[in-house]
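Below is one structure; the comments refer to it alone.
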Amino acid sequence: MLELISVSHIFTRPAKEALTALDHVSFSVPAGHLLAVIGSTGSGKSTLLHLLAGLQHPGGGTVLFRGKDLGQAALHPNEIGYVPASDHVLSEVLTVRESVMSALMLRVAGQTKDERVDRASHLLVGVGLENVASHRVSTLSPTQKRRLKLALALVSDPSLVICDEFTDGLDAKSQSEMAALLKFITTDHPARVVIHATQMAANLAAYDTVVILHEGHVCFHGPSRAVTHYFSIQAIEELYPRLAKRPASRWGESWMRHRDSYYAAFKLGSAGESLKAPDEEEDGADSQRITLPANEKPAAPEAPAEPPAPAAPPLPSLQAQAQHLIQRRWTILRRNQREWTSQLILLVLAPVVAALLLLPNDHYLSEVTSGDTSPAVLWPAAYTCAMGWLLQILLALVFGVRNGAREIAGERPLYRRELAGGLRPTAYLLGKLGFILPIVILQTFLLGLTVEILTGGLPGFALPRLLLLCLTGIAFSSLCLAVSAHCRTAERAHSQAWTLAFANLFLCGALLGFPRVLGSVLHPLVTAHYGWSGGIETLKGTPLFEPLTLLVRTWFATPTLAVIVLLIHFGIGVLLTLRGLRKTH
Ligand SMILES: Nc1ncnc2c1ncn2[C@@H]1O[C@H](COP(=O)(O)OP(=O)(O)OP(=O)(O)O)[C@@H](O)[C@H]1O
C-alpha cells in the first residue's frame, strides 16, 4: 500500500512569494491498484510524482510505501519505475530492443546476456512493441514511444510505477489503449501500485480510483463513477470549469468533510449507502443521491493484507554501468552520421588550418635549424613558431568545446530518467570521460604530429610539446563538460563554453603580455596560457627562445609546471562536472 499523510511541498522563489505546490495531500492506494491523479496544469501532479519517485523530498508530511517511511529511507531505485512525460528521455538512434537491453544493463545486476534478451523480449511483448523491436526509436509513433518508456520503467519489475502524462496529447483510441495497458501492467505483478498523473479526464473507468488535484489540494478521491456526482456535473468534461468556480482551498476543505463518508461508502456491502454531493449542503444545488456499489475496491487505509512483493534486483556495479555507457555512447556516435562527420571534419581540418598558417613561413624555421641566426631570419622564425604553437593550443580549445559542451546538457532528460532508475552520477561521469578522452587525445595528437611533420620538426623538444597539447585538450574538454553539467540546455552550454574559450584567448597572456601582478592572478585560471607557455619553454636553449621572450614579454611556465596546472584544471573540470550531475539529482 502507498499512503500519503498530509504531504505538503512549498517552492521558494527568488523575489516572489513562496508557492505551495502541494497542500496537506492525503490518500492511500492499496496494492494491485491503478490510480489516476487528475488536475489541470500547475495543479501539483508532477511535484507529487517527483516526491513519490524520490526525485524531491517533501516539505512536510509522510509518504509510506509498504509500511516504509520514504522520508526516512528512500525506496531502492529498482522498486520504482518512473515514466516521465517527455519523449526526450529516449535515445533516438538506438533500436527499441537496444534501449530495453541498455536499461537492463544499467539497472539489473547478475543477468547473463541470454537472460537479458529473454527479459527484453518478454517486456516488449507485454507493452506491444515486439513487431518494432529492431526499429530505431526515432521512427516510432508517439504511442509507441510511450510504450517503450513504460517498458524501460518495468525492466526491474518495480512495485511502484509512476507515469507522468502517459495518455496526454494522444487521440481518443490511443488514450484508451494506453489506459488499458496501464491496467494490464498493474495486474501483471502481485503487489504493484500504478499511478498515472494526467490532465485528461477521459477513460476514467479504466482506473480503480481517481484523485482530483486542484492547485495543490486534493478535491476528491474515489471511483471515477462518483466524480460527476461529487461535483454535481453532468459529464466529466465539465470538471475543470466546475473546479474553477471555487477557490482550491474550499474544494480541499469540502473534501476533508466528505472524505470519510465517501470512503466508507466505497467499502459498503451489498446494501450500498446513499451519499450527498457537497453542493447539496453548501450551494443548495439540486438534490442528487448516489448509491455506490458494493464491489468497489476499498480506498481506505484498512486494506487487506499486502501480497508479498518480489525483492528488488541489485544494481550493477559502478564499473559495469560506466562500461556500458561508454559502449553505448560509441554506438550512438557510429549511428549518428551528422555527429561523426563533424568530428571527422574537425579531425582533418584542424591540421590543415595549422599547415596553411605555418607553411608560407616554414623556410624561416628551416633556415634557423640550418644555423642562420641573423635577425632577418630569427625574428620571423620566432614569430611563426609562437603563432603556430598558439594556433595549435587554440584548436585544442575548439576540440574541448566540440567534445564537452553539448555532451551532458544535450541529454539531460535521458540522464534524469536513468538517474531515477539507479544510475550513479560517478558512473555517468566515467562514461563521458571514457568517450571524450580517446577522441581528444586522437585529435590533439594528430594535430601536433601533422605540424611536426609538415614543418620538419619545430625547434626544441617535440614530445613534451605533444603531451602539453594533449593535456590542454583534455583539461579544456573537462571544463566544457563541467559547463555542460551545469546548463539546462545544450545551446546554453555551447555558448557558455565558447565564452570560456574566448576568455582563454584574451587572457592567454601571449597576446596581451599582462603585467606581472595581474598576470600571476589571471594565468592560473587560463588553460590556454599554460598549454602555450609550457610549450614555448620547450624552445629554451634554441636560438628562437630569446627573441620570443622579447616578442611577447610574458611569463612562461616550465613544461613540468604546465603539466601540473593542466592536470589541476582537468581535476577541477571533473569535480565540477560531478557536482553538476549530483545537483541534477
Ligand atoms: N522548481 C520549481 N520552482 C518553483 N515553482 C515550481 C517548481 N516546480 C513547479 N513549480 C510550481 O508548482 C506548481 C505545481 O507544478 P507542477 O509541475 O507540479 O504542476 P503540474 O500539475 O504537473 O503541471 P503540468 O501538468 O503543467 O506539468 C506550479 O505552479 C509550478 O509553477
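Data for the structure
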| quantity | calculated |
| --- | --- |
| Residue within the range 555-569 that is within 20 Å of G404 (Cα to Cα), touching a Leu at 6+ places or on another chain (Cβ under 6 Å), surrounded by fewer than 24 Cβ atoms within 10 Å (Cβ to Cβ) and touching a residue at least 24 places away in the same chain (Cβ under 8 Å) present | no |
| Hits in the range 231-251 - residues which are closer than 19 Å to S261 by Cα and either touching a Leu at 6+ places or on another chain (Cβ under 7 Å) or within 15 Å of the ligand (Cβ to nearest atom) (or both) | F231, W251 |
| Qualifying positions in the range 167-202 - away from the ligand (no atom under 16 Å from the Cβ), in a loop (DSSP other than H, G, I, E, B) and farther than 11 Å from L34 by Cα | D171, D188, H189, P190, A191 |
| Criterion: in contact (Cβ under 8 Å) with a residue 24 or more places away in the chain, crowded, with 20+ Cβ neighbours inside 10 Å and more than 26 Å from F184 (Cβ to Cβ) - qualifying residue of S91, S99, S43 | S43 |
| Within the range 317-404, helices (runs of 4 or more DSSP H) holding 2 or more residues that are touching a Pro at 6+ places or on another chain (Cβ under 7 Å) | 362-369, 375-404 |
| Of residues in the range 213-230 being touching a strand residue (DSSP E or B) at 6+ places or on another chain (Cβ under 7 Å) and outside any strand (DSSP E or B), the one nearest to the ligand (Cβ to nearest atom) | G216 |
| Among the residues listed as R412, R417, the single one being at pLDDT 90 or above, at negative phi, assigned to a helix (DSSP H, G or I) and in contact with a helix residue (DSSP H, G or I) (Cβ under 6 Å, 6 or more places away or on another chain) | R417 |
| Residue that is farthest from the ligand (Cβ to nearest atom), among those in the range 1-24 that are among the small types (G, A, S) and either crowded, with 22+ Cβ neighbours inside 10 Å or modelled with pLDDT of 90 or more (or both) | S6 |
| Residue list for the range 525-546, filter: of a type outside the set (D, E) and either surrounded by fewer than 21 Cβ atoms within 10 Å (Cβ to Cβ) or not in a helix (DSSP H, G or I) (or both) | L525, V526, T538, L539, K540, G541, T542, P543, L544, F545 |
| Positions within the range 12-25 being in contact (Cβ under 8 Å) with a residue 24 or more places away in the chain and more than 13 Å from L52 (Cα to Cα), in sequence order | T20, A21, D23, H24 |
| Residue count, the range 549-579 (criterion: more than 30 Å from C487 (Cβ to Cβ) and either of a type in the set (F, W, Y) or not assigned by TED's automatic domain parsing to the domain that holds W379 (or both)) | 2 |
| Every residue from the range 201-224 that is surrounded by fewer than 20 Cβ atoms within 10 Å (Cβ to Cβ) and free of Cβ contacts under 8 Å to residues at least 60 places away in the same chain | A202, A205 |
| Test: residue in the range 77-88 that is over 20 Å from D157 (Cβ atoms) and within 11 Å of the ligand (Cβ to nearest atom) | yes |
| Residue that is farthest from the ligand (Cβ to nearest atom) [pool: residues in the range 25-63 that are closer than 20 Å to Y207 by Cα and under 21 Å from the mean Cα position of the chain (by Cα)] | L52 |
| Scan of the range 340-367 for residues that are surrounded by 15 or more Cβ atoms within 10 Å (Cβ to Cβ), without any contact (Cβ under 8 Å) to a residue 24 or more places away in the chain and either in the same structural domain as V93 (by TED's automatic domain parsing) or not aromatic (F, W, Y) (or both), ordered by number | N361, E367 |
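Yes/no per residue for (1) at positive phi; (2) part of a loop (DSSP other than H, G, I, E, B); (3) surrounded by fewer than 24 Cβ atoms within 10 Å (Cβ to Cβ):
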site: G431; (1), (2), (3): no, no, yes
site: V440; (1), (2), (3): no, no, no
site: L447; (1), (2), (3): no, no, no
site: A475; (1), (2), (3): no, no, no
site: L479; (1), (2), (3): no, no, no
site: R488; (1), (2), (3): no, yes, yes
site: H494; (1), (2), (3): no, no, yes
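Every residue, every condition in (1) assigned by TED's automatic domain parsing to the domain that holds G222; (2) at pLDDT below 95; (3) surrounded by fewer than 17 Cβ atoms within 10 Å (Cβ to Cβ); (4) over 24 Å from S159 (Cβ atoms), yes or no:
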{"site": "A299", "(1), (2), (3), (4)": "no, yes, no, no"}
{"site": "A303", "(1), (2), (3), (4)": "no, yes, no, no"}
{"site": "A309", "(1), (2), (3), (4)": "no, yes, no, no"}
{"site": "P313", "(1), (2), (3), (4)": "no, yes, no, no"}
{"site": "Q327", "(1), (2), (3), (4)": "no, no, yes, yes"}
{"site": "L333", "(1), (2), (3), (4)": "no, no, yes, yes"}
{"site": "N336", "(1), (2), (3), (4)": "no, yes, yes, yes"}
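The values are calculated or read from the model by the stated rules, or taken from the named source; none is laboratory data. Keep in mind that this is a model prediction, so the values were computed, not measured. Cβ sites come from the backbone with ideal geometry, for glycine too, and all protein chains shown count toward neighbours.
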